[in-house]
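Please read the structure below before turning to the comments.
Every number in this text was worked out from the coordinates using simple rules, so none of it is lab data. Note that this is a predicted model, so its numbers are computed, not measured. As a convention, Cβ positions derive from the backbone with ideal geometry for all residues, glycine included, and neighbour counts pool all protein chains shown.
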Amino acid sequence: MLAGLGILVLALTGCGRSQPELVFSGPTMGTTYQVKVVPGPAGCPPDLDHRIATLLQSLDAAMSTYKPDSELNRLNRQPVGEPFAVSADLLRLLMLSKQAFQLTRGAFDPTLGPLVDLWGFGPVDTGDRVPSEGELKEALESIGLDYLAIDEGASSVLKRRYIEVDLSGIVPGYAADRVSELLDSLGLKNYLVDLGGELRASGQNGKGKVWQIGIEVPSVDRSEVERVLALRDVGVATSGDYRNFFERDGVHYSHIIDPASGRPVSNGVASATVITPTAAEADALSTGFMVLGKDSGLKIADERGIALLLLVKEGAGFVEYSSAAFAPYLSERAE
Ligand code: AMP
Ligand code: MG
């Protein structure tokens with residue numbers, strides 16, 4: 001599971017003089033996490049490091065498509081028409097996915113699992129092979145989140161036809177939200193959670209200033225800051241086509257798949273950054289907006305009041321496009 005890596009936590013948010021920032025970090029979900037916490041007067045529990053690591057391990061164990069016995073893979077093996085009891089986390093993830101699926105008119109669709117596998121972006125390495133038309137057509141027949149009925153009251157789901165769920169486009173953001181919930185429950189109010197570039201910010205940094213992050217210029221080998229954003233109590237995620245891809249015969253194949261065609265997106269959008277109240281929403285929507293492309297993406301974002309920033313390839317460079325709700329983030333400078 002690879003998260004979008006378009007976001008840099010800027011060094012300028014580092015240890016402040018007024019109050020130290022505690023940093024907890026480690027590998028998770030095929031990427032890394034970093035949690036910065038400014039302890040309040042009551043301090044941090046001594047085992048906070050362990051509690052964060054354990055929470056992330058259990059989410060990864062349940063939601064990974066790479067682990068044969070994960071809860072998600074058990075759902076994927078569940079026969080059609082038989083109810084499957086889901087954990088509270090999987091229920092929330094599927095309901096959030098359905099909202100993102102509806103908002104993006106099917107562009108974010110976590111039932112793309114068979115296509116993700118076919119293009120070699122899943123657990124099995126296919127050696128950068130381009131699938132045949134026949135293979136794509138067959139895989140497209142088992143795509144569509146509408147084929148998953150969710151019974152919230154009974155905490156169960158039922159597949160109406162054969163589908164495979166891949167939550168890689170939302171789990172890192174959701175995991176950042178879960179860490180945020182853990183910190184809130186401990187009375188911690190000032191923190192920045194970064195899970196593979198999907199972020200959840202709360203309160204202020206150690207210098208008593210609003211947290212700041214940088215949005216990268218899309219590039220395979222460079223990390224240049226395009227924009228500095230000040231974040232107050234929000235989730236932010238970036239999805240891009242430039243870090244996880246392969247090239248065959250001069251064609252660039254990205255890991256973001258268009259559910260309409262079954263093919264990697266090629267609409268010129270190099271990255272999509274979304275700011276919403278939670279990181280899970282931002283994560284799913286940033287993947288969906290990559291698929292929707294510039295015109296439909298901006299239209300939907302404006303209709304729904306969503307903060308969206310797109311970097312679009314034009315000529316030799318990139319041009320920025322943003323929804324109205326993103327404007328305050330572009331004009332504001334924290335320091
Ligand atoms: P992200 O990096 O958050 O944009 O998520 C990308 C991952 O989500 C890919 O590696 C796939 O596993 C999966 N994915 C690809 N295309 C889509 C899509 N259109 N909707 C939902 N998930 C997708
Ligand atoms: Mg995403």
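Values as computed for the structure displayed
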| read-out | value |
| --- | --- |
| Ratio Rg/Rh, restricted to region 144-284 and using Cα atoms, in which Rh is the Kirkwood radius | 1.04 |
| Most fluctuating residue given options 81, 317, 240, as computed from a GNM of the chain linking Cα atoms under 10 Å | 317 |
| Estimated inter-spin distance, residue 303 and residue 316, nm [label 7 Å along Cα→Cβ] | 3.9 |
| Binned Cα-Cα distance frequencies in region 230-335 - 5 Å width, integer % | 2, 13, 22, 24, 18, 11, 5, 3, 1, 0 |
| Hz values of 3J(HN,Hα) by residue in region 23-29 - Karplus curve (6.51, -1.76, 1.60), Gly and Pro given as x | 10, 10, 8, x, x, 6, 6 |
| Gyration tensor verdict on region 170-244 (Cα atoms; rounded if a/c is under 1.5, prolate if a/b is larger than b/c, oblate otherwise) | oblate |
| GNM flexibility winner over the chain from 295, 283, 60 (Cα, springs under 10 Å) | 295 |
| Sites residue 57 and residue 230 - FRET efficiency at Förster radius 56 Å, r taken between beta-carbons, to 0.05 | 0.95 |
| Fully extended contour minus Cα-Cα distance, from residue 151 to residue 102, at 0.36 nm per residue | 15.9 nm |
| Helix axis angle, 279-304 relative to the chain longest principal axis, alpha carbon, degrees | 70 |
| Filter on 189/209; 36/294; 36/207; 98/313; 67/137; 137/159 - keep pairs with C-alpha separation over 22 Å | 36/294; 98/313; 67/137 |
| Selection of trypsin sites (Lys or Arg not before Pro), region 267-335, meeting DSSP coil and at most 10 other Cβ within 10 Å | 333 |
| Counting all C-alpha pairs of the chain, share separated by more than 35 Å (%) | 20 |
| Rough spin-label spacing in nm, given labels placed 7 Å along Cα→Cβ, for residue 19 and residue 324 | 3.6 |
| Gaussian network model of the chain, springs between alpha carbon atoms under 10 Å - residue of 271, 239, 156 with greatest fluctuation | 156 |
| Simple spin-label estimate for residue 247 and residue 138 in nanometres, 7 Å along Cα-Cβ | 3.1 |
